[in-house]
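What follows is one structure encoded as structure tokens, with my remarks underneath.
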Amino acid sequence: MDFLADFLLRLLAQFQSPTLGFLIGGMLLVACGSKLTIPDAIYKFIVFMLLMKIGLKGGMEIRDANLAEMFLPAVITIVIGVVIVLLGILFFSFISSIKKEDGYATAGLFGAVSASTFAAAMVLLEEEAIAYEAWVPALYPFMDIPALVLAIVLANVYMKKQQQGNTTEVNVWGIIKESLQGSALSALILGLALGLFTTPDKVFGSFYEPLFRGFLSILMLIMGMEAYARIHELKRVAQWYAVYAFFAPIIHGLLAFGLGTLAHYWVGFSPGGVVLLAVMAASSSDISGPPTLRSGIPSANPSAYIGASTSVGTPVAIAVCIPLFIVMAQTIFEV
Amino acid sequence: MTLHVAEKVVIITEKIIAKGVCQIIDGCGATGYTIVPAGGKGSRNMRSTTERASVVDDFANIKIEIIVNDYAMAEAIMDQVKDKYFNNYSGITYLEDIKILRPEKFS
């Protein structure tokens, strides 16, 4: 019983963190009809800043890291991305009222990763002083790209069967290229390269690192506002999306937490790394995934998958999954 | 001043397919086009024009105007865009009779 009480107390403390506060604050603002707007340009700049910071830090760390210890977590990351998409497609295949393509697209989006969600997880881990390898965020593309490619390829195979070969060939390299060219991944990869091949320690320490938390709080506010503003879109599609979007992040995260724990005992993957991996699995893409899916599966209804992800999936991943996984890590690994 | 009769094709659609639509326009032989951001209300959804941060920017709408002085070319552009995109993407297209100066610019 002590274990459970301790668990609940720690969970409650997590809800008082400023990161979650800003998210809920953003939702409340829109709910009250506030006229506050944060310009789009600022949103884009913040996303760039956060991913650059994450990339630089990761790159600087990979310089001294042992590549062998990254191998197993990277393989696990790919496996999780693939399993999430297959689970999603399986779930939606049981619900006959949902158009197949919409199911494929939603599963793909939930397999893909949200940069803002894992940036929030990084800040919360630092607040709790739980260590993680700085290269863990660099695993992002290993989950993101396989999930998007798999969902789009399967959807096109399905559509081809329906129309007896009327659709065009799926261009797998095209999807990978589009993902890599997306704003989030380009910034992350550039940051990684700069961290690896140059010595950005000064600009990192004096600019990117100190601004990270402040910018993240604004980003959380924007995410909250967007989540509430998009709820009306979700109301127009089947309720099953909301059900999926609520439970999927928790189930995906727990699955990744389990696999990450195995990696912890086998190759000494850090507890913070396990949490970040779980958060990556729990998150659903908000920046790069939707446009890629829109062009890859054009017949799927974007209101369905974006509504599910932005207004339910992401808030659940940030407000429920991150605190839950941190507390699980604290209890299981005793950090 | 002498004005010449010409045709203006207007296409209001999603920003994400702008590149493909422009390829069709070029392929049909038009000499140019104008693209402006668009917003409003249609059968699929409300599209805002505000400066508010939008997490998925590529779903913004645009209005493309193409001036041609060949009616067949105008029809070809409208037809091809409709066949290629309007089953899956939201969009409308219409034709206006207009008068232009300097017709040599459009042929």
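Within region B:37-83, being among the basic types (Lys, Arg) and either modelled with pLDDT of 90 or more or crowded, with 16+ Cβ neighbours inside 10 Å (or both) holds for B:Arg47, B:Arg52, B:Lys63, B:Lys82. For A:Ser285, the criteria (1) surrounded by fewer than 24 Cβ atoms within 10 Å (Cβ to Cβ); (2) within 14 Å of chain B (Cβ to nearest Cβ) hold in every case but one, which is (1).
Against the list (1) out of contact with any Ser or Thr (no Cβ under 9 Å at 6 or more places or on another chain); (2) touching a residue at least 60 places away in the same chain (Cβ under 8 Å); (3) within 14 Å of chain B (Cβ to nearest Cβ), the condition A:Val275 fails is (3).
Where residues in region B:84-107 are more than 13 Å from chain A (Cβ to nearest Cβ) and more than 16 Å from B:His4 (Cα to Cα), which of them is modelled with the lowest pLDDT? Break it down stepwise before answering.
First, the residues of region B:84-107 that are more than 13 Å from chain A (Cβ to nearest Cβ): B:92-107.
Right, trim to more than 16 Å from B:His4 (Cα to Cα) and you get B:92-95.
Values: B:Ile92: 93, B:Thr93: 96, B:Tyr94: 96, B:Leu95: 96.
The residue in question is B:Ile92.
For every residue, the table says whether it meets (1) over 13 Å from the mean Cα position of the chain (by Cα); (2) surrounded by fewer than 24 Cβ atoms within 10 Å (Cβ to Cβ); (3) within 22 Å of A:Ala13 (Cα to Cα).
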residue	(1), (2), (3)
A:Arg236	yes, yes, no
A:Gln239	yes, yes, no
A:Thr261	yes, yes, no
A:Ala281	no, no, no
A:Pro290	no, no, no
A:Ala308	yes, no, no
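Within region B:8-26, if we keep just the residues that are at pLDDT below 95 and in contact with a helix residue (DSSP H, G or I) (Cβ under 9 Å, 6 or more places away or on another chain), the residue that is farthest from B:Ala60 (Cα to Cα) turns out to be B:Gly20.
Here's the yes/no breakdown for (1) within 14 Å of chain B (Cβ to nearest Cβ); (2) outside any loop (DSSP other than H, G, I, E, B); (3) modelled with pLDDT under 90:
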{"residue": "A:Ala229", "(1), (2), (3)": "yes, yes, yes"}
{"residue": "A:Glu233", "(1), (2), (3)": "yes, yes, yes"}
{"residue": "A:Pro249", "(1), (2), (3)": "no, yes, no"}
{"residue": "A:Gly253", "(1), (2), (3)": "no, yes, no"}
{"residue": "A:Phe257", "(1), (2), (3)": "no, yes, no"}
{"residue": "A:Val279", "(1), (2), (3)": "no, yes, no"}
{"residue": "A:Thr314", "(1), (2), (3)": "yes, yes, no"}
{"residue": "A:Val335", "(1), (2), (3)": "no, no, yes"}
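Count, please, the residues in region B:70-107 that happen to be in contact with a His (Cβ under 7 Å, 6 or more places away or on another chain) and either among the hydrophobic types (A, V, I, L, M, F, W, C) or assigned to a strand (DSSP E or B) (or both).
Kept after step one, since they are in contact with a His (Cβ under 7 Å, 6 or more places away or on another chain), are these residues of region B:70-107: B:99-100, B:103.
Checking the rest, the ones that are also either among the hydrophobic types (A, V, I, L, M, F, W, C) or assigned to a strand (DSSP E or B) (or both) come to B:99-100.
Qualifying residue count, region B:70-107: 2.
Remark: A:Val30 falls outside the filter, which requires a residue to be within 14 Å of chain B (Cβ to nearest Cβ) and either surrounded by 20 or more Cβ atoms within 10 Å (Cβ to Cβ) or within 19 Å of the chain's Cα centre (by Cα) (or both).
The single residue among A:Glu69, A:Glu101 that is under 30 Å from A:Gly268 (Cα atoms) and either under 13 Å from the mean Cα position of the chain (by Cα) or assigned to a helix (DSSP H, G or I) (or both) turns out to be A:Glu69. Quick check: is even one residue across region A:12-19 within 14 Å of chain B (Cβ to nearest Cβ), in a helix (DSSP H, G or I) and modelled with pLDDT under 90? No, the conditions are met nowhere in region A:12-19.
Taking region A:109-163, which residues are aliphatic (A, V, I, L, M) and either in contact with a strand residue (DSSP E or B) (Cβ under 6 Å, 6 or more places away or on another chain) or part of a loop (DSSP other than H, G, I, E, B) (or both)? Full working, then the answer.
If we filter region A:109-163 for residues that are aliphatic (A, V, I, L, M), which is where we start, we get A:109, A:112-113, A:115, A:119-125, A:129-131, A:134, A:136, A:138-139, A:143, A:145, A:147-155, A:157, A:159.
Passing the criteria: A:Ala112, A:Val113, A:Ala129, A:Ile130, A:Ala131, A:Ala134.
This table checks each residue for (1) within 21 Å of A:Ala115 (Cβ to Cβ); (2) in contact (Cβ under 8 Å) with a residue 60 or more places away in the chain.
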| residue | (1), (2) |
| --- | --- |
| A:Trp173 | no, no |
| A:Ala187 | yes, yes |
| A:Leu196 | yes, yes |
| A:Ala238 | no, yes |
| A:Pro290 | yes, yes |
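Taking the stated definitions as given, is A:Ala119 in contact (Cβ under 8 Å) with a residue 24 or more places away in the chain, surrounded by fewer than 18 Cβ atoms within 10 Å (Cβ to Cβ) and within 19 Å of A:Val275 (Cβ to Cβ)? Break it down stepwise before answering.
On the way: in contact (Cβ under 8 Å) with a residue 24 or more places away in the chain: yes; surrounded by fewer than 18 Cβ atoms within 10 Å (Cβ to Cβ): no; within 19 Å of A:Val275 (Cβ to Cβ): yes.
No: the conditions fail for A:Ala119.
Within region B:11-34, the residues that satisfy the criterion of being part of a strand (DSSP E or B) and surrounded by 15 or more Cβ atoms within 10 Å (Cβ to Cβ) are B:Ile11, B:Ile12, B:Thr13, B:Glu14.
The values are calculated or read from the model by the stated rules, or taken from the named source; none is laboratory data. Since the model is a prediction, treat every value here as computed from it, not as a measurement. As a convention, Cβ positions derive from the backbone with ideal geometry for all residues, glycine included, and neighbour counts pool all protein chains shown.
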